[in-house]
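Colleague: Below you will find the structure I want to go over with you.
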Amino acid sequence: MFDLIPYLEKKQKLVNDSLRQIINHTISHERLVSAVNYSLMAGGKRLRPILCLAACEAVSGTYDQAISAACALEMIHTYSLIHDDLPAMDDDKLRRGKQTCHIKYDDATAILAGDALLTYAFQILSSNKPKTYEQAANWITVINNVSTAAGIGGMVEGQIRDVTSEGTQLTLDQLEKIHLLKTGALIKSAITSGAILGYGTSIMIEQLEIYAENIGLAFQITDDILNVEGDPRVLGKETGTDQNRGKNTYPALLGISKSRELIKGKINNALQALDNFDNKSDPLRAIAQYIIVRKK
Ligand code: IPE
Ligand code: IPE
Ligand code: MG
Ligand code: MG
């Protein structure tokens, strides 16, 4: 049986060490570096970078290239959280068990820390020195995928749909679209990046995309459920906030038990997409199962 906990811990350490190295070499204004470091190293689960590495493994690749994509993805994710928590967005005071960036520093610093992380991610992605034509082409594909996923028709579109629909009643299809964009898109790009940089075949990448879409949606529906019934001390963020802000969520629309059923279906779809993979994709299988039971 594959043991997920030590796997996650090992990968978290690898990602944290790599991120720390990047930050330690960053020369900039002290307050900006301090805010970036504060949010980046506040104790996130590192799910996106770990998925990137696990997808690379699943296609029998090695990490030498995927690790820098993994770090860039975590930087983009952390930027999105800093901005998501701002008073003009979700107005949250707790994140990763600590004060949100704008509470610890101030709004201007938090906005700029987010800007810095987003652009830094693409600086990292484009700093690799490819040794072959194929490597160069792969990096361009990865940069295109990640920027598309994070940008105007991806995560940012999901976020504007989310904030502009507060207090309105969306259909299930409209809500699914928000979740696929605001959360699913970046998760999917993490998985495809890892698979591309591990030299996965196009058939493998297609299957991994199905896996990714399903776990991305399941992950955000679980986030909605944890906002209703999670323990803030474990979760590291306040609960009940979605209802207070009139957010459209799966539990609000369908109730908790229907939402859970839906998640199970998504996880089954994700696992099925891995049917033709060997045991190198066991970490991806275990992560899919973990998404249903996670408490943070
Ligand atoms: C929280 O993401 C925001 C969502 C997109 C649901 P995570 O639950 O991965 O947060 P961290 O990185 O562990 O803090
Ligand atoms: C976060 O969505 C999505 C992004 C940051 C892109 P939520 O606003 O639902 O997540 P939490 O609950 O604040 O982590
Ligand atoms: Mg939000
Ligand atoms: Mg939020």
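Colleague: For segment 4-293, what does the alpha-carbon gyration tensor say about shape, rounded, prolate or oblate, given a ≥ b ≥ c as the root eigenvalues, a/c under 1.5 as rounded, and a/b over b/c as prolate?
Modeller: Because a/c hits 1.5 or more and a/b fails to exceed b/c, segment 4-293 counts as oblate.
Colleague: While we're looking at this one, here's another question. Tell me the relative contact order for the chain as a rounded percent, counting alpha carbon contacts under 8 Å between residues six or more apart.
Modeller: 23 percent
Colleague: When the chain is fully extended, how far beyond the present Cα-Cα distance does ASN144 get from ASN279, taking 0.36 nm per residue of separation?
Modeller: Taking 0.36 nm per residue and subtracting the Cα distance, the gain is 45.6 nm.
Colleague: Please report the spacing between the Cα centers of segment 106-183 and segment 201-225 in Å, no decimals.
Modeller: 16 Å
Colleague: Shifting gears a bit: On the protein heavy atoms, probe 1.4 angstrom, tell me the percent of accessible surface of the chain carried by carbon and sulfur.
Modeller: Answer for the chain is 53 percent, counting heavy atoms of protein chains only.
Colleague: List the residue ranges in the chain for DSSP H helices whose C-alpha atoms run 30 angstrom or more along the long axis and whose Kyte-Doolittle average is -1.0 or above.
Modeller: Values: long enough: 63-84 (31 Å, 0.34); 202-229 (40 Å, 0.45).
Helix filter hits for the chain: 63-84, 202-229.
Colleague: What does the charge count near ILE263 come to, summing +1 for each Lys or Arg and -1 for each Asp or Glu among other residues with Cβ under 13 Å from its Cβ?
Modeller: +1
Colleague: Output the pairs from LYS45/LYS104; LYS11/LYS296; LYS10/LYS177; LYS237/LYS280; LYS98/LYS295; LYS13/LYS296 with a Cα-Cα distance over 24 Å in this structure; if there are none, say none.
Modeller: Numbers: LYS45/LYS104 21 Å; LYS11/LYS296 17 Å; LYS10/LYS177 34 Å; LYS237/LYS280 34 Å; LYS98/LYS295 17 Å; LYS13/LYS296 18 Å.
Too far apart for the 24 Å limit: LYS10/LYS177; LYS237/LYS280.
Colleague: Follow-up. Roughly how far apart, in whole Å, are the Cα centres of segment 1-29 and segment 31-74?
Modeller: 7 Å
Colleague: In Å², and per residue, what accessible area does the chain have when probed at 1.4 Å with the other protein chains present?
Modeller: Ligands and nucleic acids excluded, the figure is 46 Å² per residue.
The values are calculated or read from the model by the stated rules, or taken from the named source; none is laboratory data. Since this is a predicted model, take the numbers as computed values, not measurements. Cβ atoms come from the backbone with ideal geometry, glycine included; neighbour counts cover every protein chain shown. Areas reflect the complete protein model, heavy atoms only, side chains present, ligands, DNA and RNA absent. Shrake-Rupley method; radii C 1.70, N 1.55, O 1.52, S 1.80 Å.
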